[in-house]
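Notes to accompany the following structure.
The values are calculated or read from the model by the stated rules, or taken from the named source; none is laboratory data. On a predicted model such as this, the values are computed, not experimentally measured, just so you know. Virtual Cβ from ideal backbone geometry, glycine too; neighbours counted across all protein chains shown.
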Amino acid sequence: MLGDGAVLLLLLLLLPWTAQGRAVSEAGGPAWARGQQLSRQLCMLVWNAHLPMGHLDLPREEGGDETTDDVPRIQCEDGCDPQGLRDNSQSCLQRIHQGLVFYEKLLGSDIFTGEPSLLPDGPVDQLHASVLGLRELLQPEGHHWETKQAPGPTPSQPWQRLLLRLKILRSLQAFVAVAARVFAHGATTLSP
């Protein structure tokens, strides 16, 4: 049997891994399984939020368009590939966090006001809450990642909102799909 001191030491060593609700523990190891669960849920919600707005074929955007310059994308240099995640997952998780902050601002902007699916517990409201939940999961306790201090979205005109909603949801779908792959890989290969 272990003595009281040994049990206390064992509990102190295991405490960082048992902190609930944080993807990044005090020891720096992400809670991959929880992130996988939340990102999978977010994927389903973003697809469901798209359905009530109907189908609209949007033209492909050319580079240099001001509406696409600030849209966060997970890129090779973010270290979200299997080797990058194995070496140091923090830059990838920080990039995902930055993207979630960006989309959280958009989902709370006037672009989505007046949308019937924004009613409490509607698809966009659930999507907004889920983005917030995953973002909070990624925020290390006591550590604040720097986020680009980009100004909030500029106020939109009512006639612009349908197109902007669809563009935002389409880019969020792509972003979340990559983030979900990152968490799925981390949950299956990097979890203790």
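Reported count of residues in segment 23-50, each being touching a strand residue (DSSP E or B) at 6+ places or on another chain (Cβ under 9 Å) and modelled with pLDDT under 80, is 3. Note on segment 57-148: enclosed helices (runs of 4 or more DSSP H) holding 3 or more residues that are surrounded by 13 or more Cβ atoms within 10 Å (Cβ to Cβ) and either of a type outside the set (A, V, I, L, M) or at pLDDT below 80 (or both) are 90-107, 123-138.
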